[in-house]
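The values are calculated or read from the model by the stated rules, or taken from the named source; none is laboratory data. What you are looking at is a predicted structure, and each value in this text was computed from that prediction instead of being measured. Methodologically, a virtual Cβ is constructed for each residue, glycine included, from the backbone with ideal geometry; neighbour enumeration extends over all protein chains shown. Side chains are part of the model used for accessible areas, which takes the heavy atoms of the whole protein and leaves out ligands, DNA and RNA. Shrake-Rupley method; radii C 1.70, N 1.55, O 1.52, S 1.80 Å.
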Amino acid sequence: MLSTNLEMMQKARKEGYAIPAINTQGGNFDIIWAICKAAEEMNSPIILAHYVSTGAFSGHDWFVEVAKWCANKVSVPVSIHLDHGDSFDRCMKALKLGFTSLMIDGSTLPIEENAAMTQKVIDVANSFEVPVEAEIGELLRLEAGIVQENKNTANPEDVKKFLSLCQPDTLAIGIGNAHGYYQGEPDIRLDVLEEVATFTDLPFVLHGCTGMSEETIKEAIKLGVSKINFGTEIRYKYVEHYQEGLETLDHQAHSWKLSQYASTKLMDDVKHIIELSGSAGKA
């Protein structure tokens, strides 16, 4: 069922688990349906995350309509989340399309400008009962040849200042995490989360979970992370499953058979993330 998942994240914050947010590759039905079915089987709330860049092919409205259809076919709470919205206008367009959760990412801006843009989005979105995620501490994207992963660690005092200037519903904090595959073991600064948790009880968001050790993710959840984001792992797993189907099925060029195979296999990967988050049985 379609939801904002805000109350679920607040509950997760208090009870010590997290809700998975999984990137859907811009409206790929196979991926969205696998996520929703896995969440239904595990009785877990779930978040369908959408990057602007990955919606360029299918269209952002296509993603929303497919996500709504899938969400309303299951009984667990499913929210439709704009990930890393880069401007007020982008967030407003997403709100009009029917996203039930927004992230405004002003982390590349000075604190005051980030907070001002964030609050501007909050003022509008909250009036429609749509929650807003903010970010402080820019997350790097790890592409070929980029190995610097730890330049985004936020200063807790900066976080405190940021929260004095705006009131987001959830908060992503840079702690050495990044998008993509890490080059070696990342230095994740859990001590930053621990310090920030002394002055706010906002649900925290952990981006860049692909390749992060499960022990680190579990420790972060104990410190208040209530939403864990997976993108890279899911898109690679989906392609692997599809390739496996091409090589092993008597598909006779029926694309639906390949889609069904890859989507069903992907459910196990989503279930593993749900188990890691601790959200199974929490819907």
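Rounded to whole Å and ordered largest first, report the semi-axes of the equivalent ellipsoid of the stretch 1-156 derived from its Cα gyration tensor (root of 5λ).
25, 18, 17
Lysine pairs in the stretch 16-118 8 or more apart or on different chains: how many have alpha carbons under 19 angstrom apart?
4
Take every DSSP beta bridge whose two residues both sit in the stretch 1-109, then give the antiparallel share in percent to the nearest 5.
0
Leaving out ligands, DNA and RNA, what percent of the accessible area of the chain is carbon and sulfur, probe 1.4 Å?
Its accessible area is 50 percent carbon and sulfur atoms.
In terms of Cα to Cα distance under 17 Å, which aspartates and glutamates are near enough to residue 161, apart from those fewer than 8 places away along the same chain?
Qualifying aspartates and glutamates at Cα under 17 Å: 105, 112, 113, 133, 135, 138, 169, 194, 195, 201.
Could you work out the relative contact order of the chain? I mean the mean sequence separation of Cα pairs under 8 Å and 6+ apart, divided by the number of residues, in percent.
With pairs under 8 Å counted, the relative contact order is 23 percent.
For a quick check, take a GNM of the chain with Cα springs below 10 Å and name the residue from 27, 55, 176 with the largest mean-square fluctuation.
55
On the first, second and third principal axes, largest extent first, how far apart are the outermost C-alpha atoms of the chain in Å?
Between the extreme Cα coordinates on each principal axis of the chain lie 60, 42, 36 Å.
Mind checking which lysines have their Cα closer than 26 Å to the Cα of residue 160? Skip sequence neighbours fewer than 8 apart in that chain.
11, 14, 120, 151, 218, 222, 227
Most mobile of 226, 53, 87 per a Gaussian network model of the chain (Cα springs, under 10 Å)?
It is 53.
Name the residues whose placed amide hydrogens come within less than 5 Å of the amide hydrogen of residue 84, ignoring near sequence neighbours (fewer than 5 apart) on the same chain.
Close amide H contacts, sequence-distant or interchain: 103.
Are there any helices in the chain, counted as whole DSSP H runs, that stretch 30 Å or more along their axis by Cα and score at least -0.5 on average by Kyte-Doolittle, and if so which?
Span-like helices, by this rule, are 255-277.
Most mobile of 263, 107, 255 per a Gaussian network model of the chain (Cα springs, under 10 Å)?
Its mean-square fluctuation being the largest, the pick is 255.
Once Lys and Arg get +1 and Asp and Glu get -1 on their Cβ, which of 156, 168, 70 lies farthest toward the positive end of the dipole of the chain?
70
What stretch of the chain, leaving out the sites themselves, is the longest with no chymotrypsin sites (Phe, Trp or Tyr not before Pro) in a DSSP loop having at most 16 other Cβ atoms within 10 Å?
58-180
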